[in-house]
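A.B. asks: Supplied in structure tokens, the structure appears directly below.
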Amino acid sequence: MEKKVVSALIDMKGAKGKSRGQIQFLQGPVGQTSINVSLSNLDSKASSFHVHILPIKASGDPCSDENIMGHFNPLAVSQSTSPAPGTGTVDQYEIGDITGKFGLLTNLTQVQKQYIDNNMPLSGPNSIVGRSLVIHYLNDLLCSSAVPLLLNENQPHLKYGN
Ligand SMILES: [Cu+2]
């Protein structure tokens, strides 16, 4: 099985915070997903980031709740019973709750990290492919769709991206 790579490019030139960077998801044959996070210009204003249910749309406010809806949580994990961010195991959080699994972005100006997550599928019914990725700021949201870069050769019809 080929590695699957999904990428969300956060390029918010001109937006508040001017955050830029890339979040890449790579899933190998054993099902473990490596999340490679590279964000800059966070200005100590970001708090959390998540995978949300729907991709962003060209019309309206792209990051609004009506557009992208809430956190991707197909296993119906109750956030109220999740441990504090960054303290539990990945299965104790919503699939899309990257901050819960690995910790808050509070007071950071940049992030260069690799997280290993065995609860972040890139295929099957709980896949995050084609959804959106959101960085929550103190007074704002930045979002990007999770667009596949390369997919395995069994799904050539899904091969798109940049
Ligand atoms: Cu969110």
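The values are calculated or read from the model by the stated rules, or taken from the named source; none is laboratory data. The structure presented is a predicted model; accordingly, all values stated were derived computationally and were not measured. Backbone-built Cβ (ideal geometry, glycine too); neighbour counts: all protein chains shown.
A.B. asks: Take the residues of segment 57-69 that are buried (at least 16 other Cβ atoms within 10 Å of the Cβ) and within 12 Å of the ligand (Cβ to nearest atom): which is nearest to residue 148 (Cα to Cα)?
C.D. replies: Among those that are buried (at least 16 other Cβ atoms within 10 Å of the Cβ) and within 12 Å of the ligand (Cβ to nearest atom), it is 68.
A.B. asks: Considering (1) modelled with pLDDT under 95; (2) surrounded by 13 or more Cβ atoms within 10 Å (Cβ to Cβ); (3) under 27 Å from residue 107 (Cβ atoms); (4) not β-branched (Val, Ile, Thr), say which one residue 72 fails and leave the rest.
C.D. replies: (1)
A.B. asks: Given the conditions (1) modelled with pLDDT under 95; (2) within 17 Å of the chain's Cα centre (by Cα); (3) more than 16 Å from residue 26 (Cβ to Cβ), which single one is not true for residue 121?
C.D. replies: Result: residue 121 fails condition (3) only.
A.B. asks: Filter segment 75-101 for residues that are among the polar types (S, T, N, Q), away from the ligand (no atom under 12 Å from the Cβ), exposed (fewer than 15 other Cβ atoms within 10 Å of the Cβ) and not in a loop (DSSP other than H, G, I, E, B) and give the result.
C.D. replies: Once the filter is applied, which keeps residues that are among the polar types (S, T, N, Q), away from the ligand (no atom under 12 Å from the Cβ), exposed (fewer than 15 other Cβ atoms within 10 Å of the Cβ) and not in a loop (DSSP other than H, G, I, E, B), segment 75-101 yields 80, 81.
A.B. asks: Within the set of pairs 6 or more residues apart or between chains, which connect a residue that is touching a residue at least 60 places away in the same chain (Cβ under 8 Å) inside segment 63-85 to a residue that is part of a strand (DSSP E or B) and not aliphatic (A, V, I, L, M) with Cβ atoms less than 6 Å apart?
C.D. replies: 63/143; 68/52; 68/132
A.B. asks: A further question follows. Within segment 27-47, is even one residue surrounded by 14 or more Cβ atoms within 10 Å (Cβ to Cβ) and within 13 Å of the ligand (Cβ to nearest atom)?
C.D. replies: Start the filter on segment 27-47 by keeping residues that are surrounded by 14 or more Cβ atoms within 10 Å (Cβ to Cβ), which leaves 27, 31, 33-43, 45-47.
Next, only the ones that are within 13 Å of the ligand (Cβ to nearest atom) stay: 46-47.
Looking for residues that are surrounded by 14 or more Cβ atoms within 10 Å (Cβ to Cβ) and within 13 Å of the ligand (Cβ to nearest atom), one finds at least one in segment 27-47, hence yes.
A.B. asks: I've got another one for you. When you go through 108, 54, 26, 104 one by one, which is the residue that is in contact with a Ser or Thr (Cβ under 7 Å, 6 or more places away or on another chain), part of a loop (DSSP other than H, G, I, E, B) and closer than 22 Å to residue 145 by Cβ?
C.D. replies: 54
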